[in-house]
Each structure stands twice: as C-alpha cells, then as structure tokens.
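Each remark here refers to the structure printed beneath this line.
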Amino acid sequence: MNESLAEVYERARRHANASDWQAAGRDVETLLTFGGNDAASINLATMILFRSGAADRAIGLLRAAVERMPNDASLVGNLANALYESGAHRESLEWHASAVALDATNPGLQLNRAIALRGAGEREQAIEAL
C-alpha cells in the first residue's frame, strides 16, 4: 500500500508527540525523500533525528535545507535551536537573529532567541529581545 506524504507526516507527528522516537524514526527517510522541499517535513524529520541522538545529521540536514530555502523562518529557527541544544551557543545566536528578522511577529522565534541569549550570558540583550 502506498501512503501519501501527508499520512506519513501525521503518523510520525503522532509518534513524536508521544515521545516515541523509535516509532517516529521509522518514517524519517520517507519524510526526507518525499518531503525534501517541504519545510514542515524537514522540520519534523530533523527534530526526530535530533531527539533520537543523531544531532549532527539533523544539523547537517537543516543547514542544507536553509541553503535551499533561506527565507523560511521555521527552518532557520530550528537550525538555531538545534545548534543551541548541541552547545554551539554563539553560532546559534546568529541564526536566531536571522529567524527573527525573517518573521518578526513570531513570538516563538523571539522567545527562543531570548533563551539563547540568556544561555550565552547576554542577560540584558535577552530581556530586550522580549
């Protein structure tokens, strides 16, 4: 039976929402193969990879996606978050700033930037970012 990308996406999302990373991981390659130019599919697949312990692969895929779709704030923001979570705080700040510049009305991007600033020791800037 051939499933649509939407069906695979929904199944992977349900597993990810339940923190069942092993089950969600079974759909990662399908999401990346058939949803390779879809930001939502890339974001979900890379989040699953990151939470499954494949942070380097997730970051590499996000970097490649941002190169293809540099104006997608969700991809840029998720790259920033992945870098921050992997310990690359300073580099993440540049990407957080870019994400906010792309979508200045998105409070989630603003909050994530403030968290990264605070984590990097930039308390005053973090307060201003909010």
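Structure summary
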{"quantity": "The range 21-41 residues that are of a type in the set (Phe, Trp, Tyr), paired with ones that are in a loop (DSSP other than H, G, I, E, B) and open to solvent by 30 Å² or more (accessible area, probe 1.4 Å) (beta carbon under 7 Å, 6 or more apart)", "calculated": "Trp21/Ser52"}
{"quantity": "Per-region count, the range 82-130, residues small (Gly, Ala, Ser), farther than 25 Å from Ser52 by Cα and either open to solvent by 70 Å² or more (accessible area, probe 1.4 Å) or touching a Gly at 6+ places or on another chain (Cβ under 6 Å) (or both)", "calculated": "1"}
{"quantity": "Residue match in the range 70-79 (condition: among the small types (Gly, Ala, Ser) and free of Cβ contacts under 8 Å to residues at least 24 places away in the same chain)", "calculated": "no"}
{"quantity": "Selection from the range 42-76 of residues that are within 22 Å of His15 (Cβ to Cβ) and not in a helix (DSSP H, G or I)", "calculated": "Ser52, Gly53, Ala54"}
{"quantity": "Selected residue (criterion: farthest from Met69 (Cα to Cα)) from residues of the range 1-25 that are open to solvent by 30 Å² or more (accessible area, probe 1.4 Å) and among the aliphatic types (A, V, I, L, M)", "calculated": "Met1"}
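Let's see how each residue does on (1) among the aliphatic types (A, V, I, L, M); (2) closer than 15 Å to Ala99 by Cβ; (3) open to solvent by 20 Å² or more (accessible area, probe 1.4 Å):
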| position | (1), (2), (3) |
| --- | --- |
| Asp27 | no, no, no |
| Ala40 | yes, no, yes |
| Ala45 | yes, no, no |
| Arg51 | no, no, yes |
| Arg68 | no, no, yes |
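The values are calculated or read from the model by the stated rules, or taken from the named source; none is laboratory data. Here the structure is a predicted model, which means the values were calculated and not measured. Every residue, glycine as well, gets a Cβ built from its backbone with ideal geometry; the counts of neighbours run over all protein chains shown. Protein only, heavy atoms only, side chains kept; ligands, DNA and RNA dropped before computing areas. Shrake-Rupley method; radii C 1.70, N 1.55, O 1.52, S 1.80 Å.
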